[in-house]
Amino acid sequence: MKEEVQKIVAESLDVLRRKKGLASNSREIEITIPKRREFGDFSTNVAIILASELNKKPREVAELIIDNISIEGRNLFKKIEIAGPGFINFFINEKAITSRLMEIERLGENYGKCNLGMGEKVLVEFVSANPTGYLHMGHARNAAVGDAISNILNAVGYDVIREFYINDIGRQMELLGLSVYRRYEELFGIKKGFPEDGYWGEYIKDIANEIRDKRGKELLAEEAFEQEAIDYCKDYAKDRLLGEIKKDLNDFGVAFDNWYSEQNELHKAPSEVRGGNRIGAIKNELMLRDALEEKDGALWFKASEFGNSQDWVLVRKDGKPTYFFSDITYHYDKIKRGFKRLVDVWGADHHGHFSRLLAALRALTLNDFSLEVILIQFVRLIKDGQEISMSKRAGSYLTMREVMEEVGRDVMRFFLLMRGSESHLDFNLDLAKQESSENPVYYIQYAYARIGSVLEKAKESELSPSKEFVNLLSLPEEIDIIKKLLTFQELVRESALSLAPHKLVFYLQEIASNFHVYYNKIRIISEDLELSLARLYFVSCIRTVIRNGLRLLGITTPERM
RNA sequence: GCGCCCAUAGCUCAGUAGGACAGAGCAACGGCCUUCUAAGCCGUGGGUCGGGGGUUCGAAUCCCUCUGGGCGCGCCA
């Protein structure tokens, strides 16, 4: 509807341009929905903007624009006003509004979708947690946001691939293996001292126990020969923990299209580019571009020559590549796989990584791509009004699974999506556990279920929603809700453009609230048959929007509550 | 020290490609179930948009500066 208003104003400007030779402005005409009812359904500031260019008074310009609006345009509006410093306010005809319900009904599940992305491939990488422990609430937030963004991008016409990068090689994995092995030794009374920067969590002991149950004391070895045993522990623990991660995410309702193993894809897989493995190929590429330098026995990327603040090590003294190097190769590979648009969801503590990664990709002379990184701020868990402290290394943290079991998947997803990613998020366990109106998830789901219940009731009396009488919908509540329903498509687009699912959350809360108010005030099924049919049609459209919105967030829509 | 993020009602946060008297939820208090689900609704209060400058017809939104928080600045990831 907004586009139509925009078009009408644009046409008027065209006419003016021809008649009066007004200076053309290439700027897009801004149409907004005013906050205040007195300012109409749509408003534009073009007259104010143009006034200074034309050296006329804004209100005079506004009058000219209004005078040249087409007949067709006039039919859409009930009233057009000039207000304040020169805003033009448009008031839409009620009939034009109610008839739009048909579009919602016709599109059904597709209402809200569009073809903005035109089928372009997008790779959304998220969670990508190291398989060294259980997922915690930070990962959960990352998962909820990454998944919702994927859904939203998909809805606006992108071809989305969800990918999880498995960091299954490197120092942290070595530490994991060693930690498990030391715990294993302890089971046989051998105490060699636990690595200070190892993994201290209780789950390491559990894994050690499992290994003992499987292999007995077979793995015990003299210090000089223990590497093989440590490797075994490492692989065993990795498989175990990755299995847990996959299970958690699956139970959370996140389905990755691709699990990308660093070890298999970057170290083992041969490179398509110039022989060797992928990571080796990147080294060659960077060498050719004179971006590398040997120093102190390590290999450095001269990032400072590519716009970053300092140089970084790519290959350690011991010959092993750093995480940075792997990540460069990984992102290079993403682009080579045909993705021109990359979206990464990271924990906020990784923000420093972004510019150096860009510098490296630039050094590789990759230009035709975009990398958008969503930095997720931390989650604080609040229980009994108190913050629960968490430390991954020490192993003292509430896992994603524990919280999910306590509050349920829908509540968890919703709470994690309630805030903008750049805001710290307080996850209030006390509120999350409440099954009442104070819990916003239930509030929205309840609106959905209530509508379903009304439709059921109607069915019993053999009434079914009908578009035939939508013109009877004339209460201000009805008109207002329909107007809001009609902004859904644009809202989805906006959420996609800003990669911000929380906008959808707020929208759904408003729609649900509007419906509950309406429900309490207005009888849907009444003596008036035609009006009843129209209202049933109306509420079923509300239900469609709530359903489509919740689906994008990955939240279920229970038929009964 | 340098860099990034944040600061809006008692609490948790929306609103930031500038727009017309600043919003929601929670918390507090008082009401509403013989009528389509009370996981609901109605009513009441509550803010120098961290401080100070600047740009603009117009600033919570843009620029500068200060203050107070969080995070980063590894041959960890």
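The values are calculated or read from the model by the stated rules, or taken from the named source; none is laboratory data. Bear in mind the structure is a predicted one, so any value in this text is a computation, not a measurement. Every residue, glycine among them, receives a Cβ derived from its backbone with ideal geometry; neighbour counts consider all protein chains shown.
Quick one: which residue in A:Ile555, A:Ile546, A:Ile524 is assigned to a loop (DSSP other than H, G, I, E, B) and more than 12 Å from RNA strand B (Cβ to nearest atom)?
A:Ile555
Which one of these is touching a residue at least 12 places away in the same chain (Cβ under 8 Å), outside any loop (DSSP other than H, G, I, E, B) and not assigned by TED's automatic domain parsing to the domain that holds A:Pro476: A:Gly133, A:Gly138, A:Gly157, A:Gly108?
A:Gly138
Looking only at residues in the stretch A:268-291 that are within 20 Å of A:Ile169 (Cβ to Cβ), within 35 Å of the chain's Cα centre (by Cα) and at pLDDT below 90, which one is surrounded by the most Cβ atoms within 10 Å (Cβ to Cβ)?
A:Ser271
If you check A:Glu438, A:Glu405, which single one turns out to be surrounded by fewer than 17 Cβ atoms within 10 Å (Cβ to Cβ), under 17 Å from A:Gln509 (Cβ atoms) and acidic (Asp, Glu)? Show your work before the answer.
Working: A:Glu405 fails: under 17 Å from A:Gln509 (Cβ atoms).
None of the other options fit; the residue is A:Glu438.
Would you confirm, using the coordinates I've provided, whether A:Ser391 is at pLDDT below 85 and either more than 10 Å from RNA strand B (Cβ to nearest atom) or in contact with a Leu (Cβ under 8 Å, 6 or more places away or on another chain) (or both)?
Judged against the criteria, A:Ser391 is a match.
Name the single residue, out of those in the stretch A:454-467 being assigned to a helix (DSSP H, G or I) and exposed (fewer than 14 other Cβ atoms within 10 Å of the Cβ), that is nearest to RNA strand B (Cβ to nearest atom).
A:Lys457
Has the stretch A:21-36 got any residue that is in a helix (DSSP H, G or I) and either modelled with pLDDT of 80 or more or not assigned by TED's automatic domain parsing to the domain that holds A:Lys78 (or both)?
no
Just the residues that are touching an Asp or Glu at 6+ places or on another chain (Cβ under 9 Å) and without any contact (Cβ under 8 Å) to a residue 24 or more places away in the chain, please, taken from the stretch A:314-347.
Across the stretch A:314-347, the qualifying residue is only A:Lys317.
Using the structure shown, decide if A:Met412 is under 26 Å from A:Asp251 (Cβ atoms), more than 9 Å from RNA strand B (Cβ to nearest atom), of a type outside the set (S, T, N, Q) and not assigned by TED's automatic domain parsing to the domain that holds A:Ser540.
Criteria met by A:Met412.
Have a look at A:Ser70, A:Ser99, A:Ser43, A:Ser52 and point out the one that is surrounded by fewer than 19 Cβ atoms within 10 Å (Cβ to Cβ) and within 11 Å of RNA strand B (Cβ to nearest atom).
On the way: A:Ser70 fails: within 11 Å of RNA strand B (Cβ to nearest atom); A:Ser99 fails: within 11 Å of RNA strand B (Cβ to nearest atom); A:Ser43 fails: surrounded by fewer than 19 Cβ atoms within 10 Å (Cβ to Cβ).
The match here is A:Ser52.
Only one residue in A:Ile479, A:Ile451 is assigned to a helix (DSSP H, G or I), modelled with pLDDT of 90 or more, aliphatic (A, V, I, L, M) and surrounded by fewer than 17 Cβ atoms within 10 Å (Cβ to Cβ). Which one? Give the steps one after another, and end with the answer.
Working: A:Ile451 fails: surrounded by fewer than 17 Cβ atoms within 10 Å (Cβ to Cβ).
Just one listed residue meets the conditions, A:Ile479.
For A:Ser326, state whether it is in a helix (DSSP H, G or I), within 15 Å of RNA strand B (Cβ to nearest atom) and of a type in the set (Gly, Ala, Ser).
Against the criterion (in a helix (DSSP H, G or I), within 15 Å of RNA strand B (Cβ to nearest atom) and of a type in the set (Gly, Ala, Ser)), A:Ser326 qualifies.
Just give me the residues in the stretch A:468-504 being more than 10 Å from RNA strand B (Cβ to nearest atom), aliphatic (A, V, I, L, M) and under 22 Å from the mean Cα position of the chain (by Cα), in sequence order.
A:Leu485, A:Leu491, A:Val492, A:Ala496, A:Leu499, A:Leu504
Name, by its number, the condition in (1) modelled with pLDDT under 90; (2) within 24 Å of the chain's Cα centre (by Cα); (3) near RNA strand B (Cβ under 7 Å from one of its atoms) that does not hold for A:Ser437.
All conditions are met except number (2).
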